[in-house]
Amino acid sequence: MGKAVVDRERCYAWLGDVCRACYTNCPLPEKAIYFEVYTQVVVDEEKCVGCGVCEYVCVTEPDAAIKILTPKQFEEWKRNKK
Ligand code: SF4
Ligand code: SF4
């Protein structure tokens with residue numbers, strides 16, 4: 001299963017607006033996804049099941065600011081983050 005990753009440079013909540021569509025629709029709110037400060041969403045990589053609902057409901061255009069990465073993509077993303 002993949003993991004959800006938030007692009008903080010495109011996510012409305014991280015840009016200062018109120019948005020919680022991914023949080024509200026996640027089957028595991030407060031577990032797989034939670035708020036760091038205000039509505040700034042953070043994914044718990046241990047608890048996220050990669051279901052894809054958050055990516056589907058994300059309101060950013062032209063595509064979602066939260067995306068499901070494959071395990072391989074996710075490892076690469078973590079390496080690049082460091
Ligand atoms: S992929 Fe599913 S479980 Fe993971 S944060 Fe998104 S909605 Fe929640
Ligand atoms: S739905 Fe998209 S824009 Fe809204 S908080 Fe989640 S990731 Fe950010």
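The values are calculated or read from the model by the stated rules, or taken from the named source; none is laboratory data. All values reported here derive from a predicted model rather than from experimental measurement. Cβ: placed from backbone, ideal geometry, glycine included. Neighbour counts: every protein chain shown. Surface areas here come from the heavy atoms of the whole protein model, side chains and all, with no ligands, DNA or RNA. Shrake-Rupley method; radii C 1.70, N 1.55, O 1.52, S 1.80 Å.
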>> Need one number for the range 3-81: average projected area of the convex hull over its C-alpha atoms, nm².
In response: 4.8
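If you take every residue apart from G2 with its C-beta less than 12 Å away from the C-beta of G2, what net charge results, scoring Lys and Arg +1 and Asp and Glu -1? Walk me through the numbers before you get to the answer.
Working: positive: K3, K67, K72; negative: E45, E55, E75.
Around G2, the surrounding residues sum to 0.
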> Can you give the helix-only mean residue ellipticity at 222 nm for the chain, where every DSSP H stretch with n ≥ 4 adds -39500 (n - 2.57) and the sum goes over all residues, rounded to the nearest 500 deg cm²/dmol?
Replying inline: -6500 deg cm²/dmol
>> As I understand it, the value is the acute angle between the Cα axis of helix 71-81 and the longest principal axis of the Cα atoms of the chain; what does it come to in degrees, rounded to 10?
In response: 70
>> Leaving ligands and nucleic acids out of the surface, order T39, T24, T70 by accessible area at 1.4 Å, largest first.
In response: T24, T70, T39
> In debye, nearest 20: dipole of the chain around its Cα centre with unit charges on the Cβ of K, R (+) and D, E (-)?
Replying inline: 260
>> Taking the solvent-accessible surface of protein heavy atoms with a 1.4 Å probe, what is the per residue accessible area of the chain in Å²?
In response: 66
> With Cβ to Cβ distances under 9 Å as the rule, what net charge do the other residues near E55 carry (K, R +1; D, E -1)?
Replying inline: 0
> Going by Cβ distance under 4.7 Å, what cysteines of the chain have no possible disulfide partner?
Replying inline: C11, C19, C26, C48, C51, C58
>> I'd like to know which of L15, P62, G52 lies farthest towards the positive end of the charge dipole of the chain, counting +1 on Cβ of Lys and Arg and -1 on Cβ of Asp and Glu.
In response: G52
